[in-house]
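*Asks:* Below you will find the structure I want to go over with you.
The values are calculated or read from the model by the stated rules, or taken from the named source; none is laboratory data. None of these values were measured; they are calculated from a predicted model. Quick reminder, even Gly has a Cβ in these numbers, built from the backbone with ideal geometry, and neighbours come from all protein chains shown.
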Amino acid sequence: MKILLVEDEPDLGAIIQKNLTHHQYVVDWALDGMEAWEYLTNSQAIYSIAIVDWMLPKLSGIELCRRLRKANYTLPILMLTARDRMEDKITGLDAGADDYLVKPFGMEELLARMRALQRRAPTFQTERLQLGHLRLDYGSNAIAITDSQGNEKSVSLTAKEFQLLEYLMQNPDRILTHDQIRDRIWALDSESASNVVAAQIRLLRKKLVESGCENPIETVRGFGYRLNSNNK
């Protein structure tokens with residue numbers, strides 16, 4: 001799941017990014033409102049939630065929210081601010097924020113509010129994602145593979161393997177290009193090597209094959225990769 005963090009305080013932004021990454025979110029971090037707008041209007045950027053500070057250079061969090069809602073963006077927005085007056089909360093919510101978190105705050109509360117926004121969002125993430133003989137469990141961060149006799153084998157995945165397989169399972173029988181996968185799984189400002197997608201695909205495919213899943217990820221030469229819905 002990809003998150004846009006918009007925070008101009010370097011120390012706080014680094015703490016939030018580190019914690020979200022630890023919980024296996026992919027995080028793009030913008031330092032001002034205009035940079036955030038550019039991230040959000042990038043055709044390759046698909047975010048589940050935006051975490052937006054109120055006081056930002058160039059374009060405030062309030063103005064960013066208003067601009068997004070005027071452009072009919074439905075992205076859930078969690079507003080961060082030191083302003084705790086009721087009038088300020090009303091201003092933030094009226095501008096288009098979906099929730100409001102007053103600084104200072106604990107990371108557990110931030111994560112809980114994010115989960116609440118996910119539950120309310122149209123793209124609600126279920127606890128499990130099933131495709132053919134593959135079942136992705138969000139709680140255990142593992143993949144369960146069912147053999148022809150109905151027996152299940154659980155396979156632990158790294159954070160990137162989990163995110164990659166999730167993206168493939170969300171798009172069964174569809175060819176996903178190298179650039180689509182890279183932009184979805186890695187932050188836009190990451191210095192990922194050009195072959196990082198192919199390398200990650202090989203590692204994930206090897207793990208699935210060794211666990212009894214035959215030909216789980218197809219390489220479509222010249223185009224990209226595809227996970228077949230009739231995997232076995």
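*Asks:* What are the residues in region 173-188 that are outside any loop (DSSP other than H, G, I, E, B) and buried (at least 17 other Cβ atoms within 10 Å of the Cβ), if any?
*Replies:* Leu176, Gln180, Ile181, Arg182, Asp183, Arg184, Ile185
*Asks:* Could you list, in sequence order, all residues of region 200-214 that are among the polar types (S, T, N, Q) and either more than 19 Å from Trp186 (Cβ to Cβ) or free of Cβ contacts under 8 Å to residues at least 40 places away in the same chain (or both)?
*Replies:* Ser211 - this is the single residue of region 200-214 that is among the polar types (S, T, N, Q) and either more than 19 Å from Trp186 (Cβ to Cβ) or free of Cβ contacts under 8 Å to residues at least 40 places away in the same chain (or both).
*Asks:* So, one more: Tell me whether region 216-224 contains one or more residues that are charged (D, E, K, R) and at pLDDT 85 or above.
*Replies:* So far as region 216-224 goes, yes, one or more of its residues are charged (D, E, K, R) and at pLDDT 85 or above.
Conditions (1) assigned to a loop (DSSP other than H, G, I, E, B); (2) among the basic types (Lys, Arg); (3) at positive phi; (4) modelled with pLDDT under 85, marked per residue:
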site: Ser140; (1), (2), (3), (4): yes, no, no, yes
site: Gln149; (1), (2), (3), (4): yes, no, no, yes
site: Asn171; (1), (2), (3), (4): yes, no, no, no
site: Ala199; (1), (2), (3), (4): no, no, no, no
site: Leu204; (1), (2), (3), (4): no, no, no, no
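*Asks:* Going by the conditions given, is Arg83 at pLDDT below 85, within 17 Å of Gly33 (Cβ to Cβ) and surrounded by 12 or more Cβ atoms within 10 Å (Cβ to Cβ)?
*Replies:* The answer is yes for Arg83.
*Asks:* Tell me which of these Val52 doesn't satisfy, since it passes every other one: (1) β-branched (Val, Ile, Thr); (2) at pLDDT below 90; (3) buried (at least 19 other Cβ atoms within 10 Å of the Cβ).
*Replies:* Single failed check for Val52: (2).
*Asks:* Another one. Looking only at residues that are surrounded by fewer than 14 Cβ atoms within 10 Å (Cβ to Cβ) and among the charged types (D, E, K, R) in region 1-49, which one is nearest to the chain's Cα centre (by Cα)?
*Replies:* Lys18
*Asks:* Search region 90-111 for residues that are more than 29 Å from Asn72 (Cβ to Cβ) and pair each with any residue that is part of a loop (DSSP other than H, G, I, E, B) and modelled with pLDDT of 85 or more when their beta-carbon atoms are under 8 Å apart and the residues are at least 6 apart or on different chains.
*Replies:* If the second residue must be part of a loop (DSSP other than H, G, I, E, B) and modelled with pLDDT of 85 or more, the pairs left are Lys103/Ala82.
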